Amino acid sequence: MTAYSNQEIAELQESAKRHLWLHFTRMSSYNDAEIPTIVRGSGQYVFDQHGKRYLDGLAGLFVSQIGHGRTEVADAGARQASELAYFPLWSYAHPQAIALADRLAGMAPGDLNRVFFTTSGSEAVESAWKLAKQYFKNIGQPGRYKVLSRSIAYHGTSMGALAITGLADIKAPFEPLPPGGVRVPNTNFYRAPDFVAHDRAEFGQWAADEIERTILREGPDSVAAVFLEPVQNSGGCFPPPPGYFQRVREICDRYGVLLVSDEVICAFGRLGYYFGSERYGYQPDIITFAKGVTSGYAPLGGMVVRDALMEPFVRGESSFLHGVTFAGHPVSCAVAMANLDVFEKEELLANVRSNEGAFRSTLEKLNDLPIVGDVRGAGYFYGIELVKDKATKETFNDDESERLLRGYLSPALFDAGLICRADDRGDPVIQLSPPLTCGPEHFDEMEQILRTVLTQAWERL
Ligand SMILES: Cc1ncc(COP(=O)(O)O)c(C=O)c1O
């Protein structure tokens, strides 16, 4: 890889600092520092403008399942753009959307057979809430509009999705949000309340029962849906305790509430299955997806819904009054088909399932470091919770978090050649979610970089 010239780099930096607005980013942190600029990707690695290589331990942003630089997927997009670059799914269909909807319906669990496309995860979540609301109005239960979701869970940033998101800090500037978002406990067993901290199954039972108690408190006739990720991302990869989803399903059935599995991260192999709900053996009413469906070669999201939810919309004058211009874009659908071909050809689900034990045990080696409190996750999706005191699980105060994560860990990990995420939206964690093509040599590389940087972080504290 040839690096950009010094002049090209200087021009890029100047333009970026003058004109580009980075998401969820303190722009001031780049006043005197270079904005990291990624210019190329190949396999499990990406390269910056200096030609420096980084292991993409986060698959971009939980996206690049098949890795970077796959020309067969890029070519599929280019071919489609020449054939038919754009046509809307408003009243019309096009072959790529038809083929992809058919394929996804075949892959999704149970009678999830209808696919409604969007362009992103936030739009998928937004669409699922809107569908739930209109569905209940159409079947004569107009009082149902509330949505339960878990504390610290991230479900997107558009106003509806943000109302479902459980992160107070990123909601506050936009209050008042649409009414109806209600929080229930998450499944962070490491921080379980004392009375259920001795047993995962009991903890899971309690956390699920809290959903029932909340439905009763809010009034069952006012609750439309429960939104849950198979493994909760924000807070650092909380897998479901045994029996949790089975109990949640029972509760949803008892009160006529829809179970939405938000699989924007957990679908398409992240947990070794096409859908995370398959891994944990539960049947959702709606699955929301995005990210890995195209491995990022073009933007696409959507929801797969049960036949029964479509019922009230297939008769007479009824229609789902919702849509977006670029949803199910022909290029994105063609790319998704080619992406799924790679999954099949290279048996990526099998790769994750056969290697996830090695991924876990490699990361668990870090447990010997004093700063590592918990290593948790599933498939190729792991969080490492950092603590000040391993014995008491004492976490860092705001000032220490700021110095540790923002001031040191994020830049140090990047400098050391690893793209991952140091996050303090709950307790401080490092998150890993590498391409599904990774194997033991990549796990070792991640572990070695993390060991060096975390050791230095501890020494600086
Ligand atoms: C579980 C979940 N839902 C929704 C979203 C929002 O997706 P997007 O950023 O594509 O709007 C995300 C994004 O990370 C997510 O992780």
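The values are calculated or read from the model by the stated rules, or taken from the named source; none is laboratory data. Predicted model, so just to flag it, every value in this text is computed and none were measured. Please note: Cβ atoms are built from the backbone with ideal geometry, for glycine as well, and neighbour counts cover all protein chains shown. SASA here: full protein model, heavy atoms, side chains in, ligands and nucleic acids out. Shrake-Rupley method; radii C 1.70, N 1.55, O 1.52, S 1.80 Å.
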- Would you kindly give the portion of the calculated P(r) for region 401-454 that falls above 19 Å, as a percent of all Cα pairs? 26
- Message: Based on alpha-carbon centroids, what's the gap between region 334-367 and region 196-214 in Å, whole number please?
- Response: 31
- Message: Helix-only estimate, please: 222 nm mean residue ellipticity of the chain, summing -39500 (n - 2.57) across DSSP H runs of length 4 or more and dividing by its residues, to the nearest 500.
- Response: -11500 deg cm²/dmol
- If region 23-148 were replaced by its equivalent ellipsoid, with semi-axes equal to the square roots of 5 times the Cα gyration tensor eigenvalues, what would those be, largest first, whole Å? 36, 24, 15
- Spatial separation of Cα centroids for region 252-316 and region 1-66, in angstrom: 32
- If Lys and Arg each add +1 and Asp and Glu each add -1, what is the summed charge of the other residues whose beta carbon sits under 12 Å from the beta carbon of LYS365? -2
- Note on the structure: Residue separation between LYS137 and ASP444 times 0.36 nm, minus their alpha-carbon distance, gives in nm 105.2 nm
- Query: In percent, how large is the relative contact order of the chain, given Cα pairs closer than 8 Å and 6 or more residues apart?
  - Reply: 20
- Query: When the dipole is taken about the Cα centre of the chain, and only Lys, Arg (+1) and Asp, Glu (-1) are charged at their Cβ, what size is it in debye, to the nearest 20?
  - Reply: 720
- Taking R0 as 56 Å and r as the Cβ-Cβ distance between LEU177 and ALA16, the FRET efficiency 1/(1 + (r/R0)^6), rounded to the nearest 0.05, comes to 0.95
- Report the semi-axes of the equivalent ellipsoid for region 363-442 in whole Å, largest first, where each axis is √(5λ) for an eigenvalue λ of the Cα gyration tensor. 22, 16, 11
- For region 148-201, what is the Kirkwood hydrodynamic radius in Å, using each pair of distinct C-alpha atoms? 12.2
- Over the chain, with every protein chain in place, what whole percent of the accessible area is carbon and sulfur at 1.4 Å, could you tell me? 52
- Query: To the nearest 0.05, what FRET efficiency results for THR392 and GLU250 with a Förster distance of 35 Å applied to their C-beta separation?
  - Reply: 0.45
- Radius of gyration, Dmax [region 86-133; alpha carbons; angstrom]: 11.7, 32
- Message: Per residue, how big is the convex hull of region 109-211 when only Cα atoms are used? Give it in Å³.
- Response: 148
- Query: When all alpha-carbon pairs of region 246-391 are counted, what percent fall beyond 24 Å?
  - Reply: 50
- Sticking with the crude label model, points 7 Å out along Cα→Cβ, report the distance from SER91 to PHE195 in nm, one decimal please. 5.9
- Task: Anything over 32 Å Cα to Cα? Flag those among LYS130/LYS291; LYS291/LYS388; LYS171/LYS291; LYS17/LYS130; LYS130/LYS390, in the order listed.
- Result: LYS291/LYS388; LYS17/LYS130; LYS130/LYS390
- Item | Considering only the chain, percent of DSSP beta bridges that pair antiparallel, nearest 5 | 65
- Message: What does the extension gain come out to for ALA33 and THR452, with contour length at 0.36 nm per residue minus their alpha carbon separation?
- Response: 148.5 nm
- Item | Sparse-neighbour loop sites [chymotrypsin sites (Phe, Trp or Tyr not before Pro); region 1-108; at most 15 other C-beta within 10 Å; DSSP] | TRP21, PHE24, TYR86, TRP90, TYR92
- Query: Could you give the Stokes-Einstein D for the chain in µm² per second, using the C-alpha Kirkwood radius, 37 °C, 0.692 mPa s?
  - Reply: 143
- Note on the structure: Length gained, MET310-GLU459, 0.36 nm per residue minus C-alpha separation, equals 47.9 nm
- Counting pairs of alpha carbon atoms under 8 Å apart in space and at least six apart in sequence, what relative contact order in percent does region 47-200 give? 13
- Query: Under a 1.4 Å probe, what is the accessible area of the chain per residue, stated in Å²?
  - Reply: 42
